[in-house]
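Here the structure comes first, spelled out in structure tokens, and everything after it is commentary.
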Amino acid sequence: MEKVTQLDQSHVDELYAEASYWHVNTGDEVIHAKRMQGRFRRIKWYTATVWLIYFFGPYLRWGDRQAVLFDIPNRKFHIFDITIMPQDVWLLAMILLFFAIMLAAVTSIAGRVFCGYFCFQTIWTDIFTFIEEKLEGPPAKRHKLDKAPWTWDKIKIKAIKHALWLLIGVITGIAFTTWFTDAYQIWAEYFTLQASLIAWTSVLMFTLGTYILAGFMREQTCFWLCPYARIQGVMYDIQTILPTYDINRGEPRGRLVKGNTVEGNGDCISCNQCVAVCPTGIDIRHGQQEGCITCGLCLDACDSVMDKIGKPRGLIRYSSHEELEGKKPQPLYKRPRVIIYFSIMLIAASGLLYGLTNLGTFDLKVIHERQPLFVRLSDGSIQNKYILKILNKTDKDMHISIDVDGPDNLTTQGVKEKTLLPSGKLSSFIVFVRIPKNNLDSDRTPLYFTIHSYESFDDNINYQSMFYAPRI
Amino acid sequence: MSDEKNPFPGENNTGHVWDDSLRELLNEPPTWWRIGFHASWIFVVIYCILYPAWPLLTTSTKGVLGWTSLDEYRQDLKAIEEVRGPYETKLKGMPAAAVLADEELSNYVVRSAKVLFGDNCSACHGAGGQGNVGFPVLADDDWLYGGTIDDIEMSINMGRKGMMPAQSAIVNSAEADKLANAILTGQIASEPLFMEKGCVGCHGVDGKGMAALGSANLIDGIWRFVAEDQLYSIKHTIMHGVNDPSDPKTRNAEMPTFGGTKLSETDIRKLAVYVHKLGGGQ
């Protein structure tokens, strides 16, 4: 009954040859990467310092408030001199667009730079393994300790390690909350146990998240959890520079014999250092693959080995597929994707700049009453009702006058000469406009509302509405 | 099933085989699934302890937190009433005119009495006071019984039922046509029939009506009984009157009483301010 079509075995071998080395770590082995000094290691430390802003940024003051504060309960985002209210939230869309396209642009030029040098997952994992190495020693010792029976010494080391990890988690969580509530105030609240439930929950979630993601999941997060890892992977093209093993120079690889390369062999001496240092545990010599976060640590490892055996550096180097094939790399400004990405970034940045410089003092909306659209009055004139909603976006109380411009002999009701607009509040006014019927030559006449500020003369704001009358 | 009868022995299957080779294995479910399963039932147990959960015959288990949706609603209501409270106390016993003069208080009334207006007034007068066929516009400045705040409060409190006698006995059709035409064109004061037939007694020599009687202003072009054919409508009103019990074709126009048991004094006062502020208060 069994019907198996016999295929030519050699074809099948060919089919699987490419995947024969394929080894995927689904979390059953713990990767203890070796730490090595080098150029990219140093760059990694520098780029990691960007995250110091995350920890210390909120303590910067601006006048009598925090310089950058995302005040969600009051719906106000303070960024230095600027206060952004929900009306201006389109700016957020511009920021997101800018950074999304920046990710695409950078990825198309130099691969997963974000993953390798800036991502919190990479950096927190790096810090966690740094602590691990200080306490437990180099990778070989760590593997041994993991397998060793539970002795008092092992418990002591592990306990300190996990305590430090949790501490980093707690600090990370607290740092997160300081962006949303005054930093000094929330620290006081934590110490007096007065913080809100949301604050405590955030700290707890961040502590657990940091502890689990950086302590245990590590490269598994990049493999299976992170969508950006996959998205960025498809943004490469043959012109993208990536950590690449120069297969032409390295192969056929072979170990040193009596301290010398064997005649006919390539430069790769199978020392496996590139694999030992890889934080995601891949072998870069198999080419670009999903596990590679382009952190450049294998470049450092290989370069140091090449130095030792007296060969030129760069057996593993940042190189594009095109370059490896011997083609001359195209300059950036000739690459359509780069041009398109940068154009979109420019548009987003211009939008952002325009938005930030034109935030304005007021926001005015005029709502025309629809029930009734108009009213006939005893003296033959027509009356329309408008609801004006004026938002004072500044942090000062302002005084305004409301002007209505339209046909001749227009009179208004409900408009005071000097009206107070409390700071940061939306005030609404009902304005009645009367126009004699003879002065109207259409059933719809444009009407212009202007808000004049007493405090600053540049901050006038206009709104065009409509005056409705019976059909003539 | 014993292993001898099992066609795939030693495989950790249930022993059930379909279509010769299809069988169910006894593998452990994946870890993530088991974590989810246990987390779910633990959640249910904790939830049932904390919150009302199991229905009993007449009631349900209460839960140790003592939470109920009704309590939560009451709490929210209390929070709203705390905001309204100061205004409401201020409103009690304050004359409507004083409420109108107080800007903050009248703003509060305009916002909060919208519901009251919607519940009690808008069925006839429209959601924005725009009126309806047979029901007067409240947003204009033409008032049968006066447009001051006190007049409006009185109209809501006591109701209004005006009366215009049917004129068919003393006005013939041709005369009614003449009168209706003069009213429609706003020339009623110069129409001799207006004086002759005694219309001036209620509508005044100038035809502007009298608020004390509730007689209509005949020259402002605003019609109490709006119709497609306004001329015909005016003639009908002249011939058959308003609320005249002797004429079966008379017009019905009655504003019910809202005082007494229907609405509280404060509610009526709020509505008076609200209506006054619709656009035509005097």
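Observations
- Within this structure, A:THR151 passes the test of being over 27 Å from A:GLN37 (Cβ atoms) and among the hydroxyl-bearing types (Ser, Thr, Tyr).
- Checklist (1) assigned to a helix (DSSP H, G or I); (2) over 30 Å from A:TRP62 (Cα atoms) applied to A:TYR184, failing item: (2)
- From the options A:THR181, A:THR172, A:THR122, residue that is closer than 30 Å to A:SER319 by Cβ and of a type in the set (S, T, N, Q): A:THR122
- Subset of segment A:287-303 [surrounded by 16 or more Cβ atoms within 10 Å (Cβ to Cβ) and not acidic (Asp, Glu)]: A:GLN288, A:GLY291, A:CYS292, A:ILE293, A:THR294, A:CYS295, A:GLY296, A:LEU297, A:CYS298, A:LEU299, A:ALA301, A:CYS302
- Which listed residue, of B:ALA211, B:ALA216, B:ALA180, is closer than 15 Å to B:GLY241 by Cα and within 14 Å of another protein chain (Cβ to nearest Cβ): B:ALA216
- Which numbered condition A:TRP124 fails, given (1) loosely packed, with under 13 Cβ neighbours inside 10 Å; (2) closer than 20 Å to A:ARG41 by Cα; (3) of a type in the set (Phe, Trp, Tyr): (1)
- Taken over segment B:171-181, the criterion of being part of a loop (DSSP other than H, G, I, E, B) and in contact (Cβ under 8 Å) with a residue 24 or more places away in the chain is satisfied by B:VAL171 alone.
- Looking only at segment B:172-193, and only at residues there that are crowded, with 17+ Cβ neighbours inside 10 Å and at pLDDT below 90, the one that is nearest to B:THR237 (Cα to Cα): B:ILE188
- Those residues of segment B:19-43 which are of a type outside the set (S, T, N, Q) and part of a loop (DSSP other than H, G, I, E, B), in sequence order: B:ASP19, B:ASP20, B:LEU26, B:GLU28, B:PRO29, B:PRO30
- Flag if A:LEU97 is out of contact with any Asp or Glu (no Cβ under 7 Å at 6 or more places or on another chain), in a helix (DSSP H, G or I), under 30 Å from A:LEU346 (Cβ atoms) and modelled with pLDDT under 90: no
- Counted residues, segment A:444-472 - those being out of contact with any helix residue (DSSP H, G or I) (no Cβ under 8 Å at 6 or more places or on another chain) and either among the aliphatic types (A, V, I, L, M) or at pLDDT 90 or above (or both): 16
- Test result for B:ALA127, touching a helix residue (DSSP H, G or I) at 6+ places or on another chain (Cβ under 8 Å) and either away from every other protein chain (no Cβ under 13 Å) or in contact (Cβ under 8 Å) with a residue 12 or more places away in the chain (or both): no
- Filter result for B:TYR73 (away from every other protein chain (no Cβ under 14 Å) and touching a Gly at 6+ places or on another chain (Cβ under 8 Å)): no
- Annotation: A:MET102 fulfils all but one of (1) within 21 Å of A:ILE339 (Cβ to Cβ); (2) in a strand (DSSP E or B); the unmet one is (2).
- Yes/no for A:ARG285 being of a type in the set (Lys, Arg) and touching a strand residue (DSSP E or B) at 6+ places or on another chain (Cβ under 9 Å): yes
- Selection status of B:GLY15, on the phi > 0 side of the Ramachandran plot and surrounded by 11 or more Cβ atoms within 10 Å (Cβ to Cβ): yes
- Looking only at residues of segment B:207-261 that are in contact (Cβ under 8 Å) with a residue 12 or more places away in the chain and in contact with a Cys (Cβ under 7 Å, 6 or more places away or on another chain), we find that the one that is nearest to B:SER173 (Cα to Cα) is B:SER215.
- Of all residues in segment B:79-122, those that are free of Cβ contacts under 8 Å to residues at least 12 places away in the same chain and either in contact with a Ser or Thr (Cβ under 6 Å, 6 or more places away or on another chain) or within 14 Å of chain A (Cβ to nearest Cβ) (or both) total 6.
- Residues that are more than 14 Å from every other protein chain (Cβ to nearest Cβ) and within 17 Å of A:LEU391 (Cα to Cα), drawn from segment A:405-456: A:LEU421, A:SER423, A:GLY424, A:PHE449, A:THR450, A:ILE451, A:HIS452, A:SER453, A:TYR454, A:GLU455, A:SER456
- Which numbered condition A:LYS365 misses (of (1) within 14 Å of chain B (Cβ to nearest Cβ); (2) surrounded by 15 or more Cβ atoms within 10 Å (Cβ to Cβ)): (1)
- Summed over segment B:111-145, the residues that are more than 22 Å from A:ILE430 (Cα to Cα) and either among the hydrophobic types (A, V, I, L, M, F, W, C) or modelled with pLDDT under 90 (or both) give a count of 7.
Matching residues to (1) more than 25 Å from A:ARG41 (Cβ to Cβ); (2) touching a Gly at 6+ places or on another chain (Cβ under 8 Å):
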| residue | (1), (2) |
| --- | --- |
| A:ARG249 | no, yes |
| A:ASN260 | yes, no |
| A:CYS298 | no, no |
| A:ILE340 | yes, no |
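- Selection within segment B:131-146: residues that are of a type in the set (A, V, I, L, M), under 22 Å from the mean Cα position of the chain (by Cα) and more than 9 Å from chain A (Cβ to nearest Cβ). The member of this set that is surrounded by the fewest Cβ atoms within 10 Å (Cβ to Cβ) is B:VAL133.
- Residues satisfying the stated conditions in segment A:244-285, i.e. in contact (Cβ under 8 Å) with a residue 12 or more places away in the chain, surrounded by fewer than 14 Cβ atoms within 10 Å (Cβ to Cβ) and out of contact with any Lys or Arg (no Cβ under 8 Å at 6 or more places or on another chain): A:ASN248, A:PRO252, A:ARG255, A:LEU256, A:GLY264
- Restricting segment A:59-74 to residues that are under 21 Å from the mean Cα position of the chain (by Cα) and more than 25 Å from A:ALA349 (Cβ to Cβ), the residue that is surrounded by the fewest Cβ atoms within 10 Å (Cβ to Cβ): A:ILE72
- B:ASP151 vs. criteria among the acidic types (Asp, Glu), within 14 Å of chain A (Cβ to nearest Cβ), surrounded by 13 or more Cβ atoms within 10 Å (Cβ to Cβ) and within 30 Å of B:SER233 (Cα to Cα): no
- Residue in segment A:107-121 that is of a type in the set (Val, Ile, Thr), in contact with a strand residue (DSSP E or B) (Cβ under 9 Å, 6 or more places away or on another chain) and crowded, with 16+ Cβ neighbours inside 10 Å present: no
- The set of residues from segment A:368-389 being free of Cβ contacts under 8 Å to residues at least 12 places away in the same chain and either more than 10 Å from chain B (Cβ to nearest Cβ) or surrounded by 23 or more Cβ atoms within 10 Å (Cβ to Cβ) (or both) comprises A:PRO372, A:VAL375.
The values are calculated or read from the model by the stated rules, or taken from the named source; none is laboratory data. Owing to the predicted nature of the structure, the values given are computational and were not obtained by experimental measurement. FYI the Cβ positions are ideal-geometry reconstructions off the backbone, even for glycines, and counts take in every protein chain you see.
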